[in-house]
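Heads up, the thing below is written out as C-alpha cells.
Derivation of every value follows stated rules applied to the coordinates shown; laboratory data play no part. All figures in this text were calculated on a predicted structure; none of them were measured in a lab. Backbone-built Cβ (ideal geometry, glycine too); neighbour counts: all protein chains shown.
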Amino acid sequence: MSARKGQMVVMSGPSGAGKSTLCKLLLDDPRVKFSVSATTRAPRAGEIDGRDYHFITPEQFKQLIREGAFIEHAEVHGNLYGTLRKPMEAALERGEVYLLEIDVQGANQLKALGEPGLYIFVAPPDFETLRKRLVGRATDKAEVIERRLKKAEDEYRERIKYDHVVINDDLESSLRRIRSLVGLE
Ligand code: 5GP
C-alpha cells in the first residue's frame with residue numbers, strides 16, 4: 001500500500017441519531033471529503049446521484065463486487081451498499097480526511113482488514129428520542145420506522161467496537177467533539 005497522508009474517519013450509528021447531519025456539518029471543512037457509496041436503494045426526494053450515493057442496479061453492484069471495486073460492502077434494510085476502494089485510496093494519498101458514513105457491518109469489515117482510521121459511533125440520547133426523530137422525519141412508512149428502530153437497538157450493542165462513542169444530545173457540542181477527535185481545530 002502506498003504511503004497515506006490522509007485520515008479515514010468512519011461514522012456509524014442508528015438512523016435518526018443525527019449521523020447524517022453531523023457528516024454534512026463536518027463537510028463544511030474543505031479538508032474533509034465524503035465517501036460516496038454505491039447503493040441499490042432508490043433515491044429519496046432531494047438526493048442526487050453522484051453526490052449522496054451512486055445509485056446503481058443490483059446487477060451493476062454484483063459486477064463491482066466481482067471486480068473487487070469495494071473495500072467493504074453490506075446488505076442494509078434489504079439493499080446493498082458499498083464503499084468504493086479507488087476514490088478512498090486517492091483521497092488518502094492526497095492527504096484528505098475521508099469520511100465514511102457506513103453501517104456497523106461495514107465498519108467491522110474495515111476493522112478486520114486492519115484499515116487504520118478513526119471509528120466513531122454516533123448514538124442517540126435514548127431510544128424514545130430516536131423514535132420521535134424517525135417519526136418526525138416522516139420520510140419513511142411506519143413499518144420501515146419499526147424496522148429501523150429494531151436495527152438501531154442491534155447496532156447500539158456494537159458501539160463498544162468503536163474508538164469513540166458520541167452521544168448526540170446536542171448537535172453543536174457533538175460537532176465540536178468530533179472535530180477535535182479528527183484533529184480539525
Ligand atoms: P440510508 O439508506 O438511510 O441512506 O442508509 C442506510 C444505512 O446504510 C445507514 O446506516 C448508512 O450508514 C449505511 N451505509 C451507507 N453507505 C454504506 C456503505 O457504503 N457501506 C455500508 N456497509 N453501509 C452503508
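Which of the pairs 19/111; 33/141; 5/161; 62/151; 33/161 have their Cα atoms more than 28 Å apart in this structure?
Cα-Cα > 28 Å for 33/141; rest within.
All other residues with a Cβ under 15 Å from the Cβ of residue 56 taken together, and with Lys, Arg as +1 and Asp, Glu as -1, what is their net charge?
-2
For the chain, list log₁₀ I(q)/I(0) at each q in 0.11, 0.16 Å⁻¹, using the Debye formula over Cα point scatterers of equal strength and ignoring solvent, two decimals each.
-0.47, -1.05
Seen from all sides and averaged, what is the projected area of the convex hull of the Cα atoms in segment 80-127, in nm²?
4.5 nm²
Of 56, 48, 120, how do they rank once you tally other Cβ atoms within 10 Å and put the fewest first?
With the fewest neighbours first, 56, 48, 120 line up as 48, 56, 120.
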